[in-house]
1. Using a 10 Å cut-off around each Cβ, can you sort B:LEU125, B:LEU233 from fewest to most neighbouring Cβ atoms?
2. Which values, in whole Å and largest first, are the semi-axes of the equivalent ellipsoid of segment B:151-258 obtained as the square root of 5 times each eigenvalue of the Cα gyration tensor?
3. Which residue fluctuates the most in chain B, going by a Gaussian network model with Cα springs under 10 Å, if the choices are B:SER132, B:SER87, B:SER14?
4. So for segment A:2-261, taking the charge dipole from beta-carbon charges (+1 Lys/Arg, -1 Asp/Glu), which of A:TRP252, A:ALA183, A:VAL158 sits furthest toward the positive end?
5. How big is the C-alpha Rg of segment A:2-261 next to the rule-of-thumb value 2.2 N^0.38 Å, as a ratio?
6. Quantify how strongly other chains surround peptide A:13-23 by giving the mean number of their Cβ atoms within 10 Å of each of its Cβ atoms.
7. Determine the shape class of the protein assembly as shown: with a ≥ b ≥ c the square roots of the Cα gyration tensor eigenvalues, call it rounded for a/c under 1.5, and otherwise prolate if a/b is greater than b/c, oblate otherwise.
8. For a quick check: sort A:LEU210, B:LEU236, B:LEU24 by the number of other beta carbons within 10 angstrom, fewest at the front.
Amino acid sequence: MKAYLAVFRIRFAHTIQYRAAALAGVVTQYAWGFMELLMFSAFYRVNPEAFPMTFQQIVNYIWIQQAFLALFMTWFWENEIFETINTGAIAYEMARPLDLYGRWFCQSVATRTARCLLRALPILLVAFIIPGPLRMTLPPDAGQFLLFLLSAVLSLGVVVAFSMLVYISTFYTLSAVGMRVMAAVVVDFLAGGTVPLPFFPPAIRTVVELTPFAAMQNMPLRIYSGNIAGTDAALGIGLQLFWLAALVFCGWRWMQKALQKVIVQGG
Amino acid sequence: MKLYLKYLSIHVRSSMQYKVSFALLTLGQFMVSFTALLGLWFMMNRFHTVAGFALPEVLIGFSVVLTAFSIAETVARAFDVFPVIISNGEFDRMMMRPRGLIFQVLAAKMEFSRMGRLVQAAAMLAYAIPASGIVWTPDKILTLVLMIVCGAVVFGCLFLIYAAITFFTIEGLEFMNVLTDGGREFGRYPFAIYGREVLKFLTYVVPLALFQYYPLLYLIGRETGKFYMFLPLVSLLFVFPAYGFWRIGLRNYKSTGS
């Protein structure tokens, strides 16, 4: 356990160095969130009745999404892992007395958390003070906020567990940038990255809400905004727990198998 | 021009060496814009119109932006990876050669996998052109062509500015993504839906609306003045500040050393 904590700490300290990049990211995400919200408000004006969430809920959804982008978006890959596999440096990794799955898992979680911490606060600060209808609000009550925190942690776990599957698949394909792009795009769409799940047509929505993708950003963002509350929130968190366990188990087993067969090419 | 075609054929052949990888990358690019379309469709399905535009009309605007962006990105991809060209010294080598710098940078890299998006843009046009109920007189066809061509130039200019910033910062500036990728993403809808301030910005500062929103009004017959038809040409003025900025950057450029 201590070793994993060390991995986490090293990675965290490494990522937190890039403050200028984070500042540029903050401005970008702020502008992006603002445009998203203007788009939703254009639709809201067309027909408030057809809007499946309250407007305040979508405002909170978008701001939290922009603030915690690094936690929940699949496309923040850990490029070092791909390189390790492609260059053969994996041989050193395997020589270490540390479970590789756990190590990579910690590393990914650390990078995402560090990136997120750098960016989230300034974005949230601005989102809370801008005047007008686009201002962000606190969640309905403290209980809901705790549920959000729990759900956010689980969601991060599910996202990382999913990307582990993609890393492991690199053992077999070596280079598949196209696959990676495709996986990230489809997953983020199904997780409500483009349009929140309540806006999906009912039939599609029912199916998607059972998948592991709904256990990603969809859940914490909607819990924070109050779109999911009470028993639904508890059920949602249960679903997240289930998918986290399932994905970690599959990934871990698959990794054991892949590592037994892995051939490091060249010296 | 002949030299450019030669480079073009080299790039085509080199990307065809890895056919599977190329196909997957193209498919990946296609999926990126396809999910954007799916999201748009979900929204339009629920609300039917936005700011008075129906689905086919929105789709015309979207496909113009997507086509223009894909053309610009295929041709001017090198500006996108300009930080690499600068930091590995490739640019210093280019300055030694007796050819235009912009030409050389353009020729250094072309990314054909971006064509995946063109397929989708064409499909959307194929649906929207008859479904929009527009009577396609020659002047309307000309308008559509102007929109796409001028749009590609404007996006190209944005890439050029992005590269010029690199002269000062060495690293790429993430904020420019709001204008390039953001222009593509938010160009799904006619730019007017984002409110008056954003529209003003996209008219007078970064002229994305000049080749999308205003001529679209002319296409669907909401505005009949010929003025709207030729607004895309006005957006070409953006070339001057973009090129000027590039020149300033170039004058300030000091090699990164090796």
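Throughout, read-outs are computed from the coordinates displayed, never taken from laboratory work. Source: prediction; values computed, not measured. All Cβ positions, glycine included, derive from the backbone under ideal geometry; neighbour counts span all protein chains shown.
1. Fewest-to-most ranking of B:LEU125, B:LEU233: B:LEU233, B:LEU125.
2. 31, 15, 9
3. Result for chain B, Cα springs under 10 Å: B:SER14 fluctuates most.
4. A:TRP252
5. Cα-based Rg divided by the globular estimate yields 1.04.
6. 1
7. oblate
8. A:LEU210, B:LEU236, B:LEU24
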